[in-house]
Amino acid sequence: MGKAKKPATYEDLEALPVGWVGEILSDELVASPRPAMPHARVVWALGALLGPAFDLGQSGIRGGWWLLHEPELHLGRDIVVPDLAGWRRERVPVPSFMNEPFSTVAPDWACEVLSPSTEDVDRKRKLPLYHREGVIHVWLIDPSTRTLEVYRRQERDWLRVASHRGDGEVLAEPFDALPLKLGSLWWPRAGATQAPVPSP
């Protein structure tokens, strides 16, 4: 009979090479290299679009969120690092984790940007974990297909409330007070002669 595998620990995360992102899911270490450029572009652009309005209260929107890039979440025995996450200020007026390196408070919204090496983990392992912890909304974004999937938590599972594709303008809960131009998230298509310049 084989020896039981030793559960992963925080020391395993700290031992990863620089630039790698480590997570612990069901006691297993899951490590990913630094994201590719399309992934990095989506994360940066989405934070730049949502942050001023919903965190800083600009653009005529009342704000009401704390938004963070790649926060480390300790949820029970699991440790995950979503690409972006947000907490409603009405639920978390003063974050208990603001002086800590990680949060034990689950967010209200999490966003995962998919890549070939992480899609299975994001869909099959992290979505159930987020549901278990009471996360209300999850976005899955795939730069390769230029899609945004919007999920809302139901009692037993996730409801996919919308799937947007392309470059157009969309309204995506819970941030549907602000039209989101999907084309702002993507790199120009291969072979394009000139990248479009965003209008002021």
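Please figure out what share of the DSSP beta bridges in the chain is antiparallel and state it in percent, rounded to the nearest 5.
85 percent
Less than 5 angstrom separates the built amide H of residue 75 from those of 80, all sequence-distant by 5 or more or on a different chain. Residues considered: 176, 78, 167. Largest GNM mean-square fluctuation over the chain, using C-alpha springs under 10 Å, is found at 176.
Each residue in 44, 87 was given a count of other beta-carbon atoms within 10 angstrom of its own, and listing them fewest first yields 44, 87.
Projecting the Cα atoms of 58, 172, 136 onto the dipole axis of the chain, where Lys and Arg carry +1 and Asp and Glu carry -1 at the beta carbon, places 172 farthest toward the positive end.
The candidate values were (i) 62, 44, 34; (ii) 54, 33, 30; (iii) 42, 40, 30; the one computed from these coordinates for Cα extents along the principal axes in Å carries the label (i). Basic side chains Lys and Arg get +1 at the Cβ, acidic Asp and Glu get -1 at the Cβ, and with that the dipole of region 19-185 about its Cα centre reaches some 300 debye. For residue 28, the residues whose amide H sits under 5 Å from its own are 8, ignoring neighbours fewer than 5 places away on the same chain, with H placed 1.01 Å from N.
What percent do you get for the relative contact order of region 19-185 when only Cα pairs under 8 Å and 6+ apart count? Numbers along the way, then the final one.
Numbers: 301 pairs, mean separation 27.0, N = 167.
Dividing the mean separation by the residue count of region 19-185 yields 16 percent.
Read the figures in this text as sums done on the coordinates, not as results from a lab. No experiment lies behind these values; they were computed from the predicted model shown. Note that we place each Cβ from the backbone using ideal geometry, even for glycine, and neighbour counts take in every protein chain shown.
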